Amino acid sequence: MNYCGIDLAGVSSYVYVTDEKGRKLTAGAVDTTKEAFERRLKPFLKVGLSVAIEAGNQTAWVYEVLVGMRAKVTVVNPNKVKAIAESRRKTDKIDARILCELLRLEALPHPVHMPGRDTRALRGLLVARRQLVSARTKLCNVVRGMLRQEGIRLPARGLATFGAWRRLLAQGYEQAHLPIVLATYFDAFVSLTDSIRDIEKHLAESERKDKRVARLKTMPKVGQIAALTFVAAVDDVHRFSSSRKLVGYSGLAPTVRSSGERTEYGSISREGRRELRAVFVQIAHLVAMDRTRATQPLRRWFEKVAHKRGKKTALVALARRLLMIAYRLLKDESVYDAERLKKRAA
């Protein structure tokens, strides 16, 4: 078996290859293209080639190229490769060589999960929607702030619909610039909203194809976007041996500092899938404020924790519990049952 470490970069990457005894076979810069990787690594495939690369924004397509060449590929979190992170001498060559050596010695940290094309496509759609929604929100905030400077205060949903914008445009303004700015921003609002709706059509198609989404939507306050975000982030729920592993993956697990007989729990780690964490904290807020029968056992549990630890801690704890329920629904192929939660609480 030959071993290879690749330090990926935008235009030119660095490749370092050794045999099973650690003897260098080749090393050097290579263009970050499919053809260049195939040309450089093909001679080492005959006896088998194991490759280590770090997770980054180009990892997905490089991973597919290498797997297509029948290489064994290990993707690692760069923050977990301490030998690279703590190295005083940091160059592309050193990084690639350390990756190669750690791979050969089987000393790399746990590999990063690489989702399939369908999951990556879903992630891409969700990222695009989040960016568009964020841009639209920023646009509305600019208009709201500009109007406030002129003594005009808008209600909470004063810029949420086309009708609200048109009513705003129909008003008379003493300041000559306001109608011009509002009309321009309205055009941008319409364009962003149309783009969001186009993305959501594709997301609806993904929802129809995936039975897991329907299971997750049986949970209170979990809608299409939340369910799809869970599916896209987790991919295969069976890769997590327990719900606690999934909580850690979301970054909602508390940090732990243990020394001797003393153990201290701190704030959440915030390591992992940020979008998964954000969605389930938002769902926790909605569940805590809800008054329907479906949320009753969760809400009572939240109130008990809030009484002892405070609302902020209770919200994070509720988000963790909701995430664990979502894990169990997919693992057991079941649906949400409020009565079952009541029995457990009793």
Percentage relative contact order, the chain, counting C-alpha pairs under 8 Å, at least six apart: 12
Estimated inter-spin distance, Ala170 and Ala27, nm [label 7 Å along Cα→Cβ]: 7.3
Share, in percent, of DSSP beta bridges within the chain that are antiparallel, nearest 5: 65
Positive-end residue, the chain charge dipole about Cα centroid, Cβ charges, pick of Phe162, Ser267, Ile98: Ser267
Percent of beta bridges antiparallel (DSSP, the range 2-104, rounded to nearest 5): 55
Prolate/oblate/rounded call for the range 117-209, Cα gyration tensor, a/c under 1.5 rounded: prolate
Relative contact order for the range 2-104, counting Cα pairs under 8 Å that sit 6 or more residues apart, in percent: 36
Burial order of peptide ranges 322-331, 182-191, 281-290 (average beta-carbon count within 10 Å, highest first): 322-331, 281-290, 182-191
Relative contact order %, the range 73-203, counting alpha carbon pairs below 8 Å whose residues are six or more apart: 27
Cα shape, the range 210-330, gyration tensor, a/c 1.5 rule: oblate
Which of His177, Val234, Leu192, positive extreme of dipole for the range 166-312 (C-beta unit charges): Val234
Over 24 Å (Cα to Cα) - which of Lys245/Lys331; Lys24/Lys72; Lys34/Lys245 fall in this group: Lys34/Lys245
Kirkwood hydrodynamic radius (C-alpha pairs) into Stokes-Einstein, the chain, 37 °C and 0.692 mPa s, D in µm²/s: 137
Farthest positive-ward along the chain dipole, Cα basis, beta-carbon charges - from Tyr249, Ala9, Leu318: Leu318
Alpha-carbon centroids, the range 297-346 and the range 21-54: separation in whole Å: 49
In nm, spacing of pseudo-spin labels at Ala204 and Gln282 (7 Å Cα→C-beta vector): 1.9
Estimated [θ] at 222 nm from DSSP helical runs (n ≥ 4, -39500 (n - 2.57)) normalised by residues in the chain, nearest 500: -18000 deg cm²/dmol
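Throughout, read-outs are computed from the coordinates displayed, never taken from laboratory work. This is a predicted model, so every value here is computed, not measured. A quick note on method: Cβ atoms are made from the backbone with ideal geometry, for glycine too, and the neighbour counts reach across all protein chains shown.
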